[in-house]
Each structure stands twice: as C-alpha cells, then as structure tokens.
Amino acid sequence: LVAEIEKKITEAFEVFDRESNKTVDVREIGCIIRSLGCFPNEAEVQELLSKIEVEEPGGFVHLEQFLPVMREVLLERRFRPIPEDVILHAFEALDENKCGYITKEDLVKHLTEE
C-alpha cells in the first residue's frame with residue numbers, strides 16, 4: 001500500500017517537474033496536492049509547506065522532502081473532498097425555484113451578499 005501511494009505521489013509530482021530534476025516550484029504544491037484527491041484550503045497548504053523544506057532562493061520543493069509529508073497526508077486520509085450529497089443539499093438550498101440550476105445573477109448574489 002505504501003509503495004502504491006508513493007508511486008501515485010511521484011507521478012503527480014513529475015507532471016509539474018518541468019525540468020525533470022525532481023523539483024517543482026513551490027507555487028505548484030497546492031495543485032499537486034489537489035491532483036492527489038486532497039482538498040486543503042490555502043492555510044492548510046501553507047501548513048503543509050511549513051513541514052517541507054523549501055529550497056531558497058527561488059522557492060523549489062524537492063520530491064524527497066515532499067514525498068514523506070504527502071504520504072502521511074494520504075495514509076491519514078486528510079483533506080477529503082466534501083461528500084456529493086452535502087454539495088447537492090447546498091445546491092438545492094440555493095435553487096429557490098427548484099428548477100435544477102442557479103442563474104449567474106443568483107449565484108453572484110449568494111456569494112457576495114448572503
């Protein structure tokens with residue numbers, strides 16, 4: 001199981017490793033984490049980054065520093081997505097007319113005013 005998780009992490013990391021040197025720009029870490037099915041908020045991404053040694057200057061993260069932190073996150077099943085039924089219930093609450101969609105105007109209103 002651990003080897004399978006590490007392979008998955010490495011493959012996701014390599015997608016963003018543009019120079020094939022086992023490093024990625026620190027700004028890509030959130031995308032990599034989310035591509036692995038974890039959905040932390042930005043504060044949680046920053047918390048994870050505090051556990052990862054970031055190479056200065058330039059802000060690069062090495063796979064060998066990222067791998068153990070991310071392996072722990074996946075093994076602990078942290079940052080799981082919100083269950084579909086909860087999202088559907090939230091959508092239904094916004095769909096006041098019960099028409100199966102929300103207009104752009106209504107969505108903007110809900111996001112900015114309520």
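Taking a ≥ b ≥ c as the square roots of the eigenvalues of the Cα gyration tensor of the range 70-114, is the shape rounded (a/c under 1.5), prolate (a/b larger than b/c) or oblate?
Values: a/c = 4.42, a/b = 2.43, b/c = 1.82.
Prolate is the answer for the range 70-114, as a/c is 1.5 or above and a/b outweighs b/c.
Please identify every one of the GluC sites (Glu not before Pro) in the range 1-80 that sits in a loop by DSSP and has no more than 10 other beta carbons within 10 Å of its own beta carbon. Write out the running numbers ahead of the final one.
Values: sites: Glu4, Glu6, Glu11, Glu14, Glu19, Glu28, Glu42, Glu44, Glu47, Glu53, Glu55, Glu64, Glu72, Glu76; in loops: Glu19, Glu53, Glu76.
Passing both the DSSP loop test and the Cβ count: Glu19, Glu76.
Whole-Hz Karplus ³J(HN,Hα) for the range 31-47, in order, using 6.51 cos²θ - 1.76 cosθ + 1.60 and θ = phi - 60°, x for Gly and Pro?
5, 5, 4, 5, 5, 8, x, 10, 10, x, 7, 5, 5, 5, 4, 5, 4
With every protein chain kept in place and ligands, DNA and RNA left out, what is the accessible area per residue of the chain? Probe 1.4 Å, answer in Å².
Details: 8000 Å² over 114 residues.
Per residue, the chain has 70 Å² of solvent-accessible surface.
Jot down the radius of gyration and Dmax of the chain, Cα atoms only, both in angstrom.
Cα only, the chain: 18.3, 54 Å (Rg, Dmax).
222 nm [θ] for the chain, helices only, -39500 (n - 2.57) per DSSP H run of 4+, per residue, to 500?
Details: 6 runs with 66 residues, N = 114.
Value at 222 nm, helices only, nearest 500: -17500 deg cm²/dmol.
Dipole magnitude of the range 1-76 about its Cα centre, charges +1 at Lys/Arg Cβ and -1 at Asp/Glu Cβ only, in debye to the nearest 20? Intermediate results must be reported in sequence, preceding the final value.
Values: 8 positive and 17 negative charges, 39 e Å.
I would put it at about 180 debye.
With the full set of protein chains in place, find how many percent of the accessible area of the chain is carbon and sulfur; take the probe as 1.4 Å. Don't skip to the end; give the middle numbers.
On the way: 4330 of 8000 Å².
That share works out to 54 percent.
Picking from Gly59, Gly100, Gly30, which is most flexible by a Gaussian network model of the chain using Cα springs under 10 Å?
Judging by the Gaussian network model, the answer is Gly100.
Of Ile52, Gly30, Leu75, whose Cα points farthest to the positive end of the dipole of the chain (charges on the beta-carbon: +1 Lys, Arg; -1 Asp, Glu; origin at the Cα centre)?
The listed residue farthest towards the positive side: Leu75.
Be a star and scan the range 27-62 for residues whose amide nitrogen sits under 20 Å from the point 7 Å along the Cα-to-Cβ vector of Ala93.
Those under the cut-off are 41.
What's the angle, to the nearest 10 degrees (0 to 90), between helix 2-16's Cα axis and the longest principal axis of the chain?
Its long axis makes an angle of about 80 degrees.
What whole-number value in cubic angstrom gives the convex hull volume per residue for the C-alpha atoms of the range 36-87? Can you show the working numbers first?
Numbers: hull volume 4.7 nm³, N = 52.
That works out to 91 Å³ per residue.
The values are calculated or read from the model by the stated rules, or taken from the named source; none is laboratory data. Not measured: the values here are computed from a predicted model. Cβ: placed from backbone, ideal geometry, glycine included. Neighbour counts: every protein chain shown. Accessible surface is based on the protein model in full, side chains and every heavy atom, while ligands, DNA and RNA are left aside. Shrake-Rupley method; radii C 1.70, N 1.55, O 1.52, S 1.80 Å.
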